[in-house]
Each structure stands twice: as structure tokens, then as C-alpha cells.
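Note sheet for the following structure.
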Amino acid sequence: MKLQLIDWLVVIGYLIGSLILGLAVSRRAGSSTSEFFLSGRSMPWWLLGISMVATTFSTDTPNLVTDIVRTGGVAGNWIWWAFLLTGMVTTFVYARLWRRSGVDTDVGFYELRYSGKAARFLRGFRAIYLGAFFNVMIMASVSLAAIKIGGVMIGVSPLTTILVAGGITVFYSFFGGLTGVLVTDFAQFVIAMVGSVLAAIWAVNRPEVGGLSHLLRHPEIVKRMEFLPDFSNGEIAFAIFVIPLAVQWWSVWYPGSEPGGGGYVAQRMLAAKSEGHAQGATLLFNAAHYALRPWPWILVAFASLVVFPDLESLRVAFPDVAAHVVRDDLAYSAMLTFLPAGLMGLVVASLAAAYMSTISTHLNWGASYLVHDFYRRFVKPEASEKELVRVGRLSTVLLMAAAGALSLLLENALQVFQILLQIGAGTGLLFLLRWFWWRVNAASELVAMAVSFLVAVWFQLGHERFFGAPLPAWKQMMVGVAITTVAWLAAAWWGPRTDEATLRRFCHATRPGGPGWERVRSAAAAAGEPLPSGLGELPSGLACAALGCVAVYSALFATGLAIYGRTTAALGLAALSLASAWAIRTIWSRSSTRIERALGEAR
């Protein structure tokens, strides 16, 4: 399908606007690494929260959701909905700790928390491992979605898509730094949200679909509408519901949903103007990420099942699209080809916005690792601020080039999602406990990282010879979690301990509290160097996290029930969501007042 003149005007206008916003803050961004990577630690909660939502609002996310709904129904989304538990624990337990730590990146945390050569190696290696390898994998997945959209909706080649979309994103990320990313993210989120809603409305009202009421009576849709899986099929129920809620959320490291926070989420918390703004940003992110965005994508996926019931119908409709990329995730882009002139341009602009917001964040975040935690720490400690900014900008370009090249080799978004889950399987519990248990050491982190990666490689390259047949993805994850957790716990118990001075400095900086630090507190008191008391955040934080999950899940399913026409049940869940939000506000307000008073007395 070809865009009309009005469509091109909308798309070009959006692209020019993004460039202008990025360039407008280029002077500020180039003044120092603090400005380029952390916006001077002065950002408000609402801008940071929307930026995080915009980052996860990527071009591959609607494709992923479409793939899930077409193959496993709405209930299949629990494989990522379960990460809300991680997000709420991060919001109410870890956000303040991150902001209090004062590190430049979450990788810089390693030398604040651990000691010796192992801590230095961990910081440097993790900077490359996450900043380059993991980061490029994620950007490649997002770029793959852009390739499919470009091929289906505009008819351009994969290489052209990467050169144009990636090139523009690199340009404003290169000049604007994190502030440019945050400002453009705000505009991009609004455009992306409007575009996804309008696309859903148009898809549902296609003549073949016949409107919402007709769609929801279609036999193929009825069997995919339930929020919970069919528990009579134990294999499916375990794979998409039981394991994600019981194990996956706390045990698996996944970018954007790291247990305890990390990556670009930690970067946003570190860029906040205060601890309260760090908490507010992560709360807004989780509420919008899980409750606000999914249903437009789900509705388009439903409509696609009527118009393109199987892969063969997609191949027939788009014969020029490479056969190896025709998967169920292509159906989202396929449905958008029916949009009229004008609306097509807006939706294409919204998809470009989703792509650019994600890529720009990952470019800046990945470059921050390479600059702070590798180049300045190990290559040239005496480098000036301007030199470091230049290295950051060069890293931005190289990361995009690597991601673009890899995206040309991938096939579908779910493939990458499952690979990344397996690589991070078993490491999550470590990231939760390292703040609250003194025994966790640098060896624990190294062992967890190495073992989880090796297990993932083993599953990718030939575990069938051991088990006799390929294991389902959820069983692979469980094996990975078990092996990795046992390995890093052994390293924590018997590995080299972090020295006392480092542990005490960490407690002074973050004041984590909890029984896991009792031995360190007792030793410090006996040595005449008593540590400040913890701030008592854990009980109230966990209570707010539980209520937050109730509030967001209730809002998510209230919206779904309203769309399904089940008004009474929808109103009941909406009331439960509001009541939970009120309870959070009450507990959070009291806890924040107590914490601020304690910090004020300490100062």
C-alpha cells in the first residue's frame, strides 16, 4: 500500500518536529555527562514516567501482543502482565533506594555494593554485556517490527526502513541526550496512544468484521476472550499463568521489568529530582503500561483473526513480504493497511513515534554504560566531560548500526522475547536480595550471569539430546531458574565476602534496613561506628505494592469487561481499583512523611 500526499505530510511533519525538539536541548545535553545521560538529576516524575511508558510502547509490542492473542488468546498476555508484580515492588521498595544511591548508572551500583577486583570486573563486563549485547538484541527486535510495518504498509525494503527510521532517531539522540529523549518521548507517547486507539476503532469497524458486537460473537474470538486460561489444560495454564505469576516475575531479569529495577528504569529513577519523584515516575509507568495500553492492540488482534484467519491468508495478501517474516505478529501491520488517507499517515507517525521513543532510550542508556562504566572507569579515567560526551555520541551511532544489522536476521518478536527471558532466568531473586542481604557478593552476580547464559545457550543449541525431546519454553525457564538460583546462592554463601568498609558505606548511602543487615550493624556498633537505622520502608512498601497490583489489574480487566459489554462486573472492578488507589495514597503519604523526617534529622 502506498501513502497518499496527506499521509506523507503528517509523517514528515512528525519527523521534523522530533528533530526540532531534540536539537532544542542539544546545548544543555552536551555540557556534561550528567546532563547527557541523567538530565542533571532534575527531572519531574510525570515526564520520567511517561518516558518509560513511551519506551515500552515500541513497534514490536503491538506485534507481540497480536502474536500472543492470535495463538493463545487474551489470557496468553499473562506472560508479560505478570511483570506488574515486579514493577510495583520496584516502585514502593526500590525506587527510593536507587535515587538515594547516587550512582550514575545501575551498573555503577556494583562498586558501591561490592569490593575488590571482582566488583571492578563485574562493572566493566556488565557494561559491555548489557550496554552492547543485550541492548542490541532489544533494539534489533524493535527494528524487526519496524521492518515488517515498513514492508507491509509502505512497501519499502528492510534496509531502507532501518536507514531512514534508525538514522533519524540516532540524529536527535546524538544531539539531545537524555533530555532530548524525555521531551520527544512525551510527544511520541501522545501520538502513539492516539494512533493505536484510532487504529483499533477502524479495524473493528471494517466491513468484514462488522463492528464490536459482531466481532465479539465470532467463534474464533469467543474462545480467545477469557482473561484466565483454561485450567483443564494444565500445560497451557502452567505456561501462561501459573509460572509467570508464581516464578517468572521475581526470578527472571528482563529489560524494563528487572526485579528491583535496572536499565533504563533505573536511569529514569536516578534522573529524578528527588526520591518521591523517582517513586511517582515508576508508579505512573506501571499504571499506564499495564492498564492503559493493551486493549487497542487486543482489539486489532481480534479483528485480524476475522480478516486474516491463518498464516496462509497473510502470505496471499502480502506476496512481496519475505516468507521467513510472515508470522502471526505480522497481522497487526496487515490490519493497518486498510486505513484511509490521513488516518493512515497519523497511524504510521504513531508507529514511528513508538519505534523512535524505544530506540532513543536504548541508545542513550546503552551509551551511558559504555561511557561511565567502561571508557571512563577502565580506558581513560582522566577524560574531560566534553570528551566523554563525544564518546557517548559515537557509541550511540555504533549501537544503532549493530542493532540494524542484527534485525535483518531475525524472524519474529516472540522469538526474541523468549530468548531474553531464558537468558535472564534465575537472576531475578539476586537483584531483589542484594539490597537487603549482606552475603550477596560480586561472585554471586558473576555466577548468576554466566550460568543463566550458558543454560540459555544449551537450550538453544541441543538440549533435546538430554531430555529426548524439546522442552516447552516454560519448562526451559524453570530449569534455568533452578540451576542458576542454586549456583548463585552457593557463591553467596561460600564465595569471597564483600569487605566490611564497603558494606558500611553502602548502608550509610542507601539505609536499606531489614534483618539481612543485622550482622553488619552489630559489627559496626562493636567497632564504635554505628550505622544509621533503616527507614522502615519494607512493610509499608510491600503493602502498597500488593495494593498497586490490585488497582492496576482491576483497571485492566474493568476496561476489558466494559468492552465485552459486561457493565456490572466492570463497575465492580473499577470501584475496587479506586479503593485500592485510595489505600495506597493513605499508606504512601504516611510512609513518605516518616522517611522525609528521618532523612531531615540525619542531615
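The values are calculated or read from the model by the stated rules, or taken from the named source; none is laboratory data. Just so it is clear, the structure is predicted and the values come from calculations on it, not from any experiment. Virtual Cβ from ideal backbone geometry, glycine too; neighbours counted across all protein chains shown. Note: accessible area is taken over every heavy atom of the protein model, side chains too, but ligands, DNA and RNA are not part of it. Shrake-Rupley method; radii C 1.70, N 1.55, O 1.52, S 1.80 Å.
Excluding ligands, DNA and RNA, the accessible surface per residue across the chain is 37 Å² with a 1.4 Å probe.
The stretch between residue 163 and residue 542 holds 131.9 nm of extra length on full extension. This uses 0.36 nm per residue minus the Cα-Cα distance. Plainly put, region 87-167 has a radius of gyration that is 1.20 times its Kirkwood radius, both from alpha-carbon atoms, as the Rg/Rh ratio.
Screening the chain for whole DSSP H helices with an alpha carbon extent of at least 30 angstrom along the helix axis and a mean Kyte-Doolittle hydropathy of at least 1.0 yields 167-204, 343-368, 473-494, 537-564.
Put a plus charge on the Cβ of each Lys and Arg, a minus charge on the Cβ of each Asp and Glu, and nothing anywhere else: the dipole of region 38-185 about its Cα centre is then about 520 debye. With the Kirkwood sum run over all distinct C-alpha pairs, the chain has a hydrodynamic radius of 24.7 Å. For residue 54, neighbours were defined as the other residues whose beta-carbon sits under 12 Å from its Cβ, and their charges (Lys and Arg +1, Asp and Glu -1) total +1.
Each peptide among 449-462, 329-342 gets the average number of other Cβ atoms lying within 10 Å of its residues, and from highest to lowest they stand as 329-342, 449-462.
All Cα-Cα separations within region 454-603 were binned at 5 Å from zero, giving a P(r) of 2, 8, 10, 9, 9, 10, 11, 13, 12, 9, 5, 2, 0, 0, each value a whole percent of the pairs.
Assuming 0.36 nm per residue, please report the length gained on full extension of the stretch residue 156 to residue 519 beyond their Cα-Cα distance. Present the calculation step by step, with values, prior to reporting the outcome.
Working: separation 363, 0.36 × 363 = 130.68 nm, distance 6.24 nm.
This chain segment gains 124.4 nm when fully extended.
FRET efficiency for the residue 597 to residue 225 pair, using the beta carbon distance and R₀ = 41 Å, is estimated at 0.25. When the chain is described by a simple charge dipole with +1 on each Lys and Arg Cβ and -1 on each Asp and Glu Cβ, the residue from 84, 11, 227 located farthest towards its positive end is 84.
Sorting the segments 263-269, 299-305 by their residues' average number of neighbouring beta-carbon atoms within 10 angstrom, most packed first, yields 263-269, 299-305. Counting only residues at least eight positions apart within a chain, or on another chain, the lysines with an alpha carbon under 29 Å from that of residue 223 are 148, 475.
Counting 0.36 nm for each residue step from residue 471 to residue 501 and taking away their Cα separation leaves a gain of 6.2 nm. Based on the reciprocal of the average 1/r between different C-alpha atoms, the Kirkwood radius for region 279-367 equals 15.5 Å. Our helix-only sum for the chain, with -39,500 (n - 2.57) per DSSP H run of n ≥ 4 divided by its residues, gives a mean residue ellipticity at 222 nm of -21000 deg cm²/dmol. By accessible area, using a 1.4 Å probe on protein heavy atoms only, the chain has 68% of its surface on carbon and sulfur.
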